[in-house]
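J.: After the structure tokens below, expect a handful of questions from me.
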Amino acid sequence: MRKLRLVAVASVGLLALGACGNEQGAALFVGDERVTESTVDGYVSNIADLREEQGEDLSIHDYSGDRNQVVVYVLYSELGKAIDPESAGSAEADDLEAIALEAEANFQELVSQAESRELTEDEIAALNDAAATDPNVASYTEADLMLLAGFTDDLTGYVEEYDIAVNPRYGEFDLSPLPSVFPVEVPQR
């Protein structure tokens, strides 16, 4: 009986230690804002309902892409609010379409504020590798790539400044529009 109690106490202790580094139920953090997993799961469920209405077979559908897309939408929506609370959008918390539009507007605003910079030799080599296999990358102009480089520098700063983090449930998360060239990794928490 004493061994059972010790095992139970040890189990509770391990659970408590595990919860310290990872706030239970949180999908992502942006500044002081904590977005719950249930919020993200609700949006993914809405997408699944739309897919089902369109006749898709959900039994073979991989939801990881939907989850990642929802996290990106919510992250950019929350980042816009954190950067400029005065001009933050008013998307209703349960309206994924409004949040996606707000996220796109915030993304475009952040890109427009970015300053272009010269590419490093490593970035040029990564671009050449990416362009060899991806025609979209090959279609970027030098000005586009210099702007993307500056934008991803800004994103890296926002990740640090606003303590952006994503739950490990969502896997490795890169916020960059061109991760193979300009990585912007979001820490897991």
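J.: Evaluate the stretch 32-49: report whether one residue or more is charged (D, E, K, R), surrounded by fewer than 19 Cβ atoms within 10 Å (Cβ to Cβ) and in a strand (DSSP E or B).
T.: Within the stretch 32-49, one or more residues are charged (D, E, K, R), surrounded by fewer than 19 Cβ atoms within 10 Å (Cβ to Cβ) and in a strand (DSSP E or B).
J.: Follow-up question, since we're still on this one. Name the pairs whose Cβ atoms lie under 8 Å apart, with the first residue in the stretch 53-72 and exposed (fewer than 12 other Cβ atoms within 10 Å of the Cβ), the second basic (Lys, Arg), and 6 or more positions between them or separate chains?
T.: 58/51
J.: Moving on. Quick one: which residue in 153, 163 is assigned to a loop (DSSP other than H, G, I, E, B), touching a Phe, Trp or Tyr at 6+ places or on another chain (Cβ under 9 Å) and acidic (Asp, Glu)?
T.: The conditions single out 163.
J.: So, in the stretch 160-180, exactly how many residues are among the β-branched types (Val, Ile, Thr) and out of contact with any helix residue (DSSP H, G or I) (no Cβ under 9 Å at 6 or more places or on another chain)?
T.: Matching residues across the stretch 160-180 total 0.
J.: Turning to a different aspect of this structure: Out of curiosity, is residue 118 modelled with pLDDT of 95 or more, outside any helix (DSSP H, G or I) and more than 15 Å from the chain's Cα centre (by Cα)?
T.: Judged against the criteria, residue 118 is a match.
J.: Here is a list: 104, 123. Which entry is part of a helix (DSSP H, G or I), closer than 30 Å to residue 46 by Cα, among the charged types (D, E, K, R) and in contact (Cβ under 8 Å) with a residue 24 or more places away in the chain?
T.: Only one candidate qualifies: 104.
J.: Let me ask something else. Could you check the stretch 125-144 and list, in sequence order, the residues that are surrounded by 12 or more Cβ atoms within 10 Å (Cβ to Cβ) and not polar (S, T, N, Q)?
T.: Hits for the stretch 125-144 are 125, 126, 127, 129, 130, 131, 134, 137, 138, 140, 144.
J.: Does the stretch 92-113 contain any residue that is more than 23 Å from the chain's Cα centre (by Cα) and not polar (S, T, N, Q)?
T.: no
J.: Oh, and also: Please work out if residue 13 is loosely packed, with under 11 Cβ neighbours inside 10 Å and at pLDDT 75 or above.
T.: Against the criterion (loosely packed, with under 11 Cβ neighbours inside 10 Å and at pLDDT 75 or above), residue 13 does not qualify.
J.: Would you mind telling me which numbered condition in (1) under 18 Å from residue 35 (Cα atoms); (2) surrounded by fewer than 17 Cβ atoms within 10 Å (Cβ to Cβ); (3) of a type in the set (Asp, Glu) residue 115 fails?
T.: Status for residue 115: all satisfied but (1).
J.: Quick check on my filter: what residues within the stretch 83-99 are surrounded by fewer than 18 Cβ atoms within 10 Å (Cβ to Cβ) and at pLDDT 90 or above?
T.: Scanning the stretch 83-99 gives 97, 98.
J.: Does residue 73 count as within 16 Å of residue 177 (Cβ to Cβ), in a helix (DSSP H, G or I) and not basic (Lys, Arg)?
T.: Yes.
J.: Evaluate the following for residue 147: is it farther than 30 Å from residue 63 by Cα, open to solvent by 50 Å² or more (accessible area, probe 1.4 Å) and in contact with a helix residue (DSSP H, G or I) (Cβ under 9 Å, 6 or more places away or on another chain)?
T.: Here the answer is yes, as residue 147 does meet what is asked.
J.: Looking at the stretch 155-176 only, could you name the residues that are surrounded by 14 or more Cβ atoms within 10 Å (Cβ to Cβ) and under 11 Å from the mean Cα position of the chain (by Cα)?
T.: Matches in the stretch 155-176: 159, 164, 165, 166, 167, 170, 173, 174, 175, 176.
The values are calculated or read from the model by the stated rules, or taken from the named source; none is laboratory data. Predicted model, so just to flag it, every value in this text is computed and none were measured. Every residue, glycine among them, receives a Cβ derived from its backbone with ideal geometry; neighbour counts consider all protein chains shown. When the accessible area is computed, the model is the full protein with side chains, heavy atoms only, and any ligands, DNA or RNA have been set aside. Shrake-Rupley method; radii C 1.70, N 1.55, O 1.52, S 1.80 Å.
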